[in-house]
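First up is the structure itself, then whatever we jot down about it.
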């Protein structure tokens, strides 16, 4: 099951689309455990980043692996940062959010990006998922 919570204002249509495509991502990766996705503000993600990683800045996504038999973990996404990055990268908001979800899920299943070699492996996997699920069709900016 995919649980989506929002601690910031996001319209229901976008949440429905996120849920639909996240299910496709989870199925593609053969994940059977539950995942929680929480959309927060820049202020809230900065607090989480400080508390758990001792970094005093905002970030786009933070993952907390639980890896229980039935529960894989939690992904926190800054909706504020996702909107900024979508504009900056000239991609649609849904595409940016899905890319962050893919990134977060990969962290939950053991990928890391702490060094250039692992970062490349993770990036290749992200590109593979986007390609195989035909998510590039969502890339075009809605702005």
Exercise for review: Looking only at the stretch 99-129, count how many residues are farther than 20 Å from residue 62 by Cα and either assigned to a loop (DSSP other than H, G, I, E, B) or touching a helix residue (DSSP H, G or I) at 6+ places or on another chain (Cβ under 7 Å) (or both).
Suggested key: 0
Review point. Which of the following residues is under 13 Å from the mean Cα position of the chain (by Cα) and at pLDDT 95 or above: 28, 21?
Key: 21
Exercise for review: For the stretch 29-44, state whether one or more residues are assigned to a helix (DSSP H, G or I), more than 21 Å from residue 129 (Cα to Cα) and in contact with a helix residue (DSSP H, G or I) (Cβ under 9 Å, 6 or more places away or on another chain).
Suggested key: yes
Exercise for review: Answer yes if at least one residue in the stretch 69-81 is outside any strand (DSSP E or B) and within 20 Å of residue 131 (Cβ to Cβ), and no otherwise.
Suggested key: no
Review point. Which members of the stretch 45-65 meet the condition of being more than 16 Å from residue 101 (Cα to Cα) and either part of a loop (DSSP other than H, G, I, E, B) or in contact (Cβ under 8 Å) with a residue 24 or more places away in the chain (or both)?
Key: 48, 54, 55, 56, 57, 58
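The values are calculated or read from the model by the stated rules, or taken from the named source; none is laboratory data. These numbers were taken from a predicted model, which means no experiment stands behind them. When we count neighbours, we look across all protein chains shown, and the Cβ atoms used for this are built from the backbone with ideal geometry, even at glycine.
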